[in-house]
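Shown next, in structure tokens, is the structure this report addresses.
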Amino acid sequence: MASPASPPTVHIPVTENDRLLKIKEMFIAKFGCEPSFYARAPGRVNLIGEHIDYCGYAVLPMAIEQDILTAVQPVDSHVVHLSNTNTNYLDFSVGLNDIQIDKTKPLWHSYFLCGLKGIQEHFNLDQPKGMNCLVDGTIPPSSGLSSSSALVCCAGLATLNANGKSLSKAELAETCAKCERYIGTEGGGMDQSISFLAEEGTAKLIEFGPLKATDVRLPQGAVFVIASSCVEMNKAATAHFNIRVVECRLATKILAKSKGLDWKNLMKLGDLQGRLDVTIEEMVTVVDEVLHPEPYTREEICETLGISLEDLCATILSQNTQDVSTFKLYQRAKHVYSEAARVLAFKKVCDDAPANAVQLLGDLMNQSHVSCRDMYECSCSELDQLVDICLKSGAIGSRLTGAGWGGCTVSMVPVEKLNVFLTSVQDMYYKTDSRRSALQEQSLFATKPGNGAMVIVEKK
């Protein structure tokens, strides 16, 4: 189980770390002084358990080496000055008493402001410290590796430290999960949890309500490889993600009503299972019995629940799903329950470590991708092509990871096949397209479980 301790503070000689040295020099050139500290939050890859955290179910991610790093100098003015080492991202300054986050057009600094505002509100800070911040990121943006959540977490940790406050890793994760919703995404908390609770060398089973992280030792003899489809998907900029959240919410309510429960207060498919006190497998049967595969219209939903269209829009639909006319409830619920079962099966294989563990885990990953593609419809043609190529190149299992509709795949590859696998995927996916070929260096890499968020102080 995760330690309740705060994120660690580590002391590093900056001169021995090329990246820290570079960001320190850029910070001095920009702000005319040295940073007091650095905050770091990693990205993540979700091995299995897609689109189920916001339904209340456990997920199985691990932190990756790629991260968001921020150099910070607290200042006495009540202003935050944000700059980015990537010149495509423009400088931004804001008074701490006037933080506005535009949901309609999420910009890079909006995610930083989420973390900042989250800590400010958690502690009810009436005299928060201003900060000069220089942000550097090595997570490819909009790639499904949680660059946006890592930025929220990094900002939260920086604000916490600058104001001399402390929170446990779990409290920080929950605060950052809540405040990322300022941007309009109704996520479930996986990304923020693994960013803070990760430990080197182990993946984590992350459970919610209450938040709990359990070590999952991955099998020897296989390595996880991330491959980007080179299709960017910003989940805050489209309605795809929130439509799925709403479809799961509607499925919860209709299933609950069919079972005579107080459906108005039930929001998550996981809570529904708890109230019915049945197994996940039995929930799959309930879905088959109650929901029909044809899309539900708004009118049918209102009639089934006995509510008006105004009630539906005001109390169940999110801001950016008000105009959606049909909802696929059967498919979404079927995916969630089957995927939740796969997560537990994946952990059991890791715990039991049978001789054929790699094959069993690969099968679960493949089933997950098929369900994401066919039942949740969160894949895209490029991801499907990439999964196919990864399997043909020697992966035992391959699936989309992250929200989908673009972003990355994660594949489990036997160690002895790794070099052949990487060459084959390069030849079959990246070298066939000039844009992909240009992005190849940051798009295909083997990874292992990395450390969680930390504060770094220069050791002189």
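The values are calculated or read from the model by the stated rules, or taken from the named source; none is laboratory data. All of these numbers come straight from a predicted model, not from anything done at the bench. As a convention, Cβ positions derive from the backbone with ideal geometry for all residues, glycine included, and neighbour counts pool all protein chains shown. For the accessible areas, the whole protein counts, side chains as well, though only heavy atoms, and no ligand, DNA or RNA atoms are used. Shrake-Rupley method; radii C 1.70, N 1.55, O 1.52, S 1.80 Å.
Look at (1) open to solvent by 20 Å² or more (accessible area, probe 1.4 Å); (2) within 20 Å of Asn265 (Cα to Cα) and you find that Ser318 fails only one, number (1).
Looking at segment 348-355, is at least one residue more than 17 Å from Arg249 (Cβ to Cβ) and crowded, with 22+ Cβ neighbours inside 10 Å? No: segment 348-355 contains no residue that is more than 17 Å from Arg249 (Cβ to Cβ) and crowded, with 22+ Cβ neighbours inside 10 Å. Note on segment 27-71: residues that are more than 16 Å from Gly115 (Cβ to Cβ), open to solvent by 10 Å² or more (accessible area, probe 1.4 Å) and in contact with a Gly (Cβ under 6 Å, 6 or more places away or on another chain) total 6.
Anything in segment 186-202 that is open to solvent by less than 10 Å² (accessible area, probe 1.4 Å) and outside any helix (DSSP H, G or I)? List them, or say none. Gly189, Ala198, Thr202 - these are the residues of segment 186-202 that are open to solvent by less than 10 Å² (accessible area, probe 1.4 Å) and outside any helix (DSSP H, G or I). For segment 392-406, the criterion of being under 22 Å from Cys372 (Cβ atoms) and assigned to a helix (DSSP H, G or I) is met by at least one residue.
Taking only segment 4-18 into account, find how many residues are farther than 8 Å from Glu458 by Cβ and either open to solvent by less than 60 Å² (accessible area, probe 1.4 Å) or out of contact with any strand residue (DSSP E or B) (no Cβ under 7 Å at 6 or more places or on another chain) (or both).
Counting residues in segment 4-18 that are farther than 8 Å from Glu458 by Cβ and either open to solvent by less than 60 Å² (accessible area, probe 1.4 Å) or out of contact with any strand residue (DSSP E or B) (no Cβ under 7 Å at 6 or more places or on another chain) (or both) gives 10.
Could you please give the count of residues in segment 296-323 that are within 23 Å of Phe241 (Cβ to Cβ) and in contact with a Cys (Cβ under 8 Å, 6 or more places away or on another chain)? Qualifying residue count for the region: 2. Entry remark, segment 22-36: residues being more than 14 Å from Asp91 (Cα to Cα) and in contact with a Pro (Cβ under 7 Å, 6 or more places away or on another chain) number 2 in total.
A Cβ distance below 6 Å, combined with a sequence gap of six or more or placement on separate chains, defines the contacts here; from segment 298-323, residues that are free of Cβ contacts under 8 Å to residues at least 12 places away in the same chain and at negative phi reach residues that are open to solvent by less than 60 Å² (accessible area, probe 1.4 Å) and part of a helix (DSSP H, G or I) in the pairs Cys302/Leu312; Leu309/Cys302; Gln322/Cys313. For segment 362-402, the set of residues classified as without any contact (Cβ under 8 Å) to a residue 40 or more places away in the chain, more than 16 Å from Arg244 (Cα to Cα) and surrounded by fewer than 24 Cβ atoms within 10 Å (Cβ to Cβ) consists of Asp363, Asn366, Gln367, Val370, Ser381, Asp384, Asp388, Leu391, Lys392, Ser393, Gly394, listed by residue number.
Looking at segment 103-126, which of its residues are within 23 Å of the chain's Cα centre (by Cα) and exposed (fewer than 12 other Cβ atoms within 10 Å of the Cβ)? Matches in segment 103-126: Thr104, Lys105.
Counting residues in segment 55-66 that are touching a strand residue (DSSP E or B) at 6+ places or on another chain (Cβ under 7 Å), not acidic (Asp, Glu) and not in a strand (DSSP E or B) gives one or more.
Taking Val358 as the residue in question, decide whether it is assigned to a helix (DSSP H, G or I) and either open to solvent by less than 20 Å² (accessible area, probe 1.4 Å) or free of Cβ contacts under 8 Å to residues at least 40 places away in the same chain (or both).
So Val358 fails the test.
Pro210 meets each of the listed conditions (1) out of contact with any Asp or Glu (no Cβ under 7 Å at 6 or more places or on another chain); (2) of a type outside the set (Gly, Ala, Ser); (3) modelled with pLDDT under 95; (4) crowded, with 20+ Cβ neighbours inside 10 Å apart from (4).
Filtering segment 260-301 down to residues that are outside any helix (DSSP H, G or I) and out of contact with any helix residue (DSSP H, G or I) (no Cβ under 7 Å at 6 or more places or on another chain), which residue is most open to solvent (accessible area, probe 1.4 Å)?
Result: Asp277.
Of Pro106, Pro35, Pro4, all but one fail to be in a loop (DSSP other than H, G, I, E, B), modelled with pLDDT of 95 or more, under 26 Å from Glu171 (Cβ atoms) and not hydrophobic (A, V, I, L, M, F, W, C); the exception is Pro35. Just name the residue that is least open to solvent (accessible area, probe 1.4 Å) out of those in segment 410-450 that are assigned to a helix (DSSP H, G or I) and of a type in the set (Lys, Arg). Top of the filtered list is Arg436.
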